[in-house]
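Enquirer: Quick one: the structure is below, questions incoming.
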Amino acid sequence: MPNKRELPSVFKGLRLPVVGSPLFIVSNPELVIAQCCAGIVGSFPALNAREKDGDPIALEAWLKQITEALDAWNQANPDKPAAPYAVNQIVHRSNTRLERDLEICARWNVPIWITSLGAREEVNDAAHSCGGIALHDIINNTFAKKAISKGADGLIAVAAGAGGHAGPQSPFALVQEIREWFDGPLLLSGSIATGGAVLAAQAMGADLAYIGSPFIATNEANAMPAYKQMIADSGAEDIVLSSLFTGISGNYLKPSIAAAGMDPDALESADAKSMSFAEGSSKPKAWSQVWGAGQGIGAVKSVGPARALVDKLDREYREARSALCS
Ligand SMILES: Cc1cc2nc3c(=O)[nH]c(=O)nc-3n(C[C@H](O)[C@H](O)[C@H](O)COP(=O)(O)O)c2cc1C
């Protein structure tokens, strides 16, 4: 493994090496602000900010709300500054808003850009044009090499067991292969739900953990109370991997599939061509009725404030580190 480069300055000063990952429909400004003020990077998919025809652009309003809230926090808490935030761009041909959203994010100087489903130079250029860094999510070493060759600054390795569109590979295999040639920022995603698992990700060679599903079970998340409670009540055996709902393999909560009238143990597969992020598409139903979650949710026992979850992760991380060192 090459010696790791120093992390970009945007990650300096985090309370915990964690990014609260972008969650379709679920991530909103309240959750992002709570994550950043608790000391971890908060993020949201740009597509979550949707306006009705003729209404002001919701993405502008969200970026204003987040920027102002973090500024106010920093003025009131100069000794505990907020972590930076990230915006996720879905780089897929069905995302007809991409160009508009890139321009808006560059104008708001978004510090961290997360790209999914397509590695494109112009998206990385847009991030760099305002001093931001671009992280691309990948599920194997081939896509990782392609992302870096297109100008991404860092990688998010999405391993088996992740919520949403998961990869098929073990995190050990994925991180080890990437670290053979890449010494830049590397985040690990998939079933990380305790502070000990955050430390394990670092021991493997990742710089930061990328955590999604546990944040669905927070007060701030934009999810139905039954969805939040199902996360708190479920474990790894309640998760099923299926391509039926979006055309790409993803992990979903079995009880939500049963509630939608299907047998979670007898799902057909679907073609990747059926995926669409266009407005008005029927596909968001995959997330609003059939609920996504990763295999790590056994660690989530209750619904509470996002800050309490970060406090718990931080406590567990420090305990795991001192237990290993003693
Ligand atoms: C409900 C749900 C929605 C998601 N939506 C997105 C998304 O819009 N964009 C994205 O890049 N990743 C998305 N993901 C993937 C997460 O950002 C992250 O990779 C994953 O949640 C990490 O695994 P974990 O849930 O086990 O922590 C989603 C995951 C879930 C569970």
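The values are calculated or read from the model by the stated rules, or taken from the named source; none is laboratory data. Because the structure is a prediction, the values reported are computed rather than measured. Using ideal geometry, Cβ is built from the backbone for each residue, glycine included, and neighbour counts are taken over all protein chains shown.
Enquirer: If I go through the range 14-32 residue by residue, how many of them are over 14 Å from ALA86 (Cβ atoms) and in a helix (DSSP H, G or I)?
Expert: Residues meeting the conditions: 1.
Enquirer: Select, from GLN35, GLN89, the only residue that is assigned to a strand (DSSP E or B) and within 21 Å of LEU135 (Cα to Cα).
Expert: GLN89
Enquirer: Restricting attention to the range 130-158, report how many residues are in a helix (DSSP H, G or I) and surrounded by 23 or more Cβ atoms within 10 Å (Cβ to Cβ). Before the answer, list the steps.
Expert: Going through the range 130-158, the residues in a helix (DSSP H, G or I) turn out to be 141-149.
Narrowing further to those that are surrounded by 23 or more Cβ atoms within 10 Å (Cβ to Cβ): 144, 147.
Residues in the range 130-158 being in a helix (DSSP H, G or I) and surrounded by 23 or more Cβ atoms within 10 Å (Cβ to Cβ): 2 in total.
Enquirer: Report yes if ALA232 is of a type outside the set (S, T, N, Q), over 15 Å from GLY296 (Cα atoms), assigned to a helix (DSSP H, G or I) and at pLDDT 95 or above, otherwise no.
Expert: Spelling it out, it is not the case that ALA232 is of a type outside the set (S, T, N, Q), over 15 Å from GLY296 (Cα atoms), assigned to a helix (DSSP H, G or I) and at pLDDT 95 or above.
Enquirer: Next question. Which residue pairs have Cβ atoms closer than 7 Å, lie 6 or more positions apart in sequence or on different chains, and pair a first residue in the range 186-210 that is under 13 Å from ALA320 (Cβ atoms) and polar (S, T, N, Q) with a second residue that is modelled with pLDDT of 95 or more and within 11 Å of the ligand (Cβ to nearest atom)?
Expert: Filtered contacts from the range 186-210: THR194/ALA299.
Enquirer: Taking only the range 159-174 into account, find how many residues are more than 14 Å from the ligand (Cβ to nearest atom) and crowded, with 24+ Cβ neighbours inside 10 Å.
Expert: 0
Enquirer: What residue, among those in the range 51-86 that are part of a loop (DSSP other than H, G, I, E, B) and in contact with a Lys or Arg (Cβ under 9 Å, 6 or more places away or on another chain), is surrounded by the fewest Cβ atoms within 10 Å (Cβ to Cβ)?
Expert: Among residues in the range 51-86 that are part of a loop (DSSP other than H, G, I, E, B) and in contact with a Lys or Arg (Cβ under 9 Å, 6 or more places away or on another chain), the one surrounded by the fewest Cβ atoms within 10 Å (Cβ to Cβ) is LYS80.
Enquirer: Which of the helices (runs of 4 or more DSSP H) found entirely inside the range 239-326 contain at least 1 residues meeting this: modelled with pLDDT under 85?
Expert: 285-288
Enquirer: Does ALA221 qualify as being modelled with pLDDT of 95 or more and closer than 28 Å to ASN140 by Cβ?
Expert: Here the answer is no, as ALA221 does not meet what is asked.
Enquirer: Could you check how many residues of the range 104-129 are assigned to a loop (DSSP other than H, G, I, E, B) and more than 17 Å from the chain's Cα centre (by Cα)?
Expert: So the answer is 3.
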